[in-house]
Amino acid sequence: MSTSPPNSIEALVKSAGEKSKQGAMAEAEKIWLAVVELAPNHADANFALGVHAYQRNDLASAKQRFRAALLDQAASTGFQFTIARALKQISDFEGELLALDSALAADPYHLQSILAKGDALKALGQSIQASIQYGNALKIVGPSFNWPEALRAPLEEARAFCEAQSKERETWFQNTLAEAKQKFADQDWKRFDEGISILSGRTKAYPQEPIMFHIPRLPAETFYPREQFVGLEIIESKTDDIRRELENLLVKAPHLARPYVQYEPGQPVNQWQDLNHSDTWSGIFLWKNGQLQEEAAALCPVTVAAFSALPMPKIEGYSPTVMFSLLAPGTHIPPHTGDTNARLVGHLPLIVPPDCHFRVGYDWRQWEVGTCMVFDDTIEHEAINKSAENRVVVLFDLWNPYLTEAERALTESILVARTKYVDA
């Protein structure tokens, strides 16, 4: 069995550690000095000597020792991050950046170092570079429902900083381009405004993202002009009658209102965690996956007749779906996408309190009672009810108007075949 020579670095480090545990700090410091005599860049020794200097309020020596610790090529990413924290403690932000760069050179995905580098750059007044670092951190962690709880607070701060910077950039671009746009005052600049928003980082590009069946090369429009659809005026003219039938339905058959989000145990709920099996977003179906719901339909004859007159898709096991969608006060339906861009979704608003908002892609709209809106739900969308009352719309299916009759027929065959395959 071999033993280390009494003056070897390994033996000295062990001895210094033991003295520190015993509280013999002066003796430990002498031993650490002996270590750096043998190995000037020894990370543990220099860091320990930096701590001793800091405790004596000798910040110049502490800075020198902490920076020397960075020169040890064998130092781990975690240790370099610790050195960075120590340099920040003595307000050496440039030294902190050096330490963080060393940590990230070894591990570019070290989340704490990325966030800390953003903090350091912000402290140095380098807001653009700070937002890049924070943005990198946010890309790594993904959606907020996946965030580690220990880092949720700094990640929220990072997101808020990035949003503020993005808004500032967007304003700068818009102001800078105002004169160029004014030369063509009659031009509709809506899609360029969205492009500037994406360029600024305030929003992202919103493609169609069907979770079931995607038909390529269909236009990715958010909201569709109402003149592209036949029969909307029929259901709009029945708005008051439909609302009265809903009120009667809620009195006579309240059990039909069920949570819209219903994941089974063991399934990943992702962004739906707060709404899973919650009646804060509930639905009463008149048609569900192509099947008329007899109990609800019997209590809503006017509604059923009005929607029966619409040219809705009729696909076995899939469509139409017509549902009263009830959103409780203070409820947020998080960003999500729908099944297929072969069909669009319509809303007939029945009850719309103030402070209710709806977004599809880049575009925000307000519901207006009795006025239908039609949108592509395969583009990311969300809804918010900030009021103290329920918001209620009738949700229904419509064919995408860009599909030909032949394409609609083939879509029906594809979706029927898919149902049979999945259920086989």
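Any read-out appearing in this document is the output of simple, stated calculations on the displayed coordinates, not a laboratory observation. For clarity, every value in this text was computed on a predicted model and none was experimentally measured. Methodologically, a virtual Cβ is constructed for each residue, glycine included, from the backbone with ideal geometry; neighbour enumeration extends over all protein chains shown.
Computed quantities for the displayed model
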quantity: GNM result for the chain, Cα springs below 10 Å: residue of Thr203, Thr340, Thr404 fluctuating most strongly; calculated: Thr404
quantity: Length gained when the stretch Asn248-Gln89 is fully extended (0.36 nm per residue, less Cα-Cα span); calculated: 50.7 nm
quantity: Pairwise FRET efficiency - Val230 versus Val416, Cβ, R0 = 22 Å, nearest 0.05; calculated: 0.35
quantity: Square roots of five times the Cα gyration tensor eigenvalues for the range 1-70, Å; calculated: 22, 14, 8
quantity: Distance histogram for the range 223-423 (every C-alpha pair counted, 5 angstrom bins, percent rounded to whole numbers); calculated: 1, 7, 15, 20, 22, 19, 11, 5, 1, 0
quantity: Spin-label model distance (nm) - Lys288 vs Thr203, 7 Å beyond Cα toward Cβ; calculated: 3.4
quantity: Surrounding net charge for Arg226, when Lys and Arg each add one and Asp and Glu each subtract one, Cβ distance under 11 Å; calculated: -3
quantity: Given charges at Cβ of Lys, Arg, Asp, Glu: the range 223-423 dipole, positive-most of Gln228, His381, Gln291; calculated: Gln291
quantity: Which labelled figure in [x] 23.4; [y] 32.2; [z] 20.6 is mean projected area of the Cα convex hull in nm², once derived from the coordinates; calculated: [y]
quantity: Relative pair counts by distance (%), Cα atoms of the range 9-162, 5 Å bins; calculated: 2, 10, 18, 17, 17, 12, 10, 7, 6, 2, 0
quantity: Relative contact order (%) - criterion: Cα under 8 Å, at least six apart; region: the range 53-117; calculated: 28
quantity: Cβ-placed point charges (K, R +1; D, E -1), dipole of the chain about Cα centre in debye, nearest 20; calculated: 840
quantity: Reach of Lys420 by Cα under 15 Å, taken over aspartates and glutamates that are not fewer than 8 positions away in the same chain; calculated: Glu316, Glu412
quantity: Length-normalised contact order of the range 223-423 in % [C-alpha pairs under 8 Å, at least 6 apart]; calculated: 24
quantity: Cα-projected label distance for His255 with Phe213, points at 7 Å along beta-carbon direction, nm; calculated: 3.5
quantity: Given charges at beta-carbon only (K, R positive; D, E negative), |dipole| of the range 338-381 in Debye; calculated: 80
quantity: Excluding exposed DSSP-loop trypsin sites (Lys or Arg not before Pro) (at most 14 other C-beta within 10 Å), longest clean stretch of the chain; calculated: 57-182
quantity: Cut-off 11 Å between beta-carbons: net charge of the residues surrounding Trp147, Lys and Arg +1, Asp and Glu -1; calculated: 0
quantity: Per-residue HN-Hα couplings for the range 267-273 [Karplus 6.51, -1.76, 1.60; θ = phi - 60°; Hz; x = Gly/Pro]; calculated: 7, x, 8, 6, 6, 8, 4
quantity: FRET efficiency for Leu33 and Glu163, using Cβ-Cβ distance with R0 set to 51 Å, rounded to 0.05; calculated: 0.55
quantity: Förster radius 45 Å - calculated FRET efficiency between Ile128 and Met25, Cβ distance, rounded to 0.05; calculated: 0.55
quantity: Where chymotrypsin sites (Phe, Trp or Tyr not before Pro) fall in DSSP loop in the range 155-246, at most 10 other Cβ within 10 Å; calculated: Phe184
quantity: Entries in Lys30/Lys122; Lys314/Lys386; Lys117/Lys204 that, when Cα-Cα distance is taken, lie over 30 Å; calculated: Lys30/Lys122; Lys314/Lys386
quantity: Net +/- balance of residues flanking Ala48 in space, Cβ distance below 11 Å, scoring K and R +1, D and E -1; calculated: 0
quantity: Within straight-line cross-link reach of Lys14, aspartates and glutamates at Cα separation under 19 Å, skipping those fewer than 8 residues along the same chain; calculated: Glu27, Glu29, Glu37, Asp44, Asp72
quantity: Lys/Arg +1, Asp/Glu -1 at C-beta; the range 9-162 dipole; positive extreme among Leu111, Pro143, Gly23; calculated: Pro143
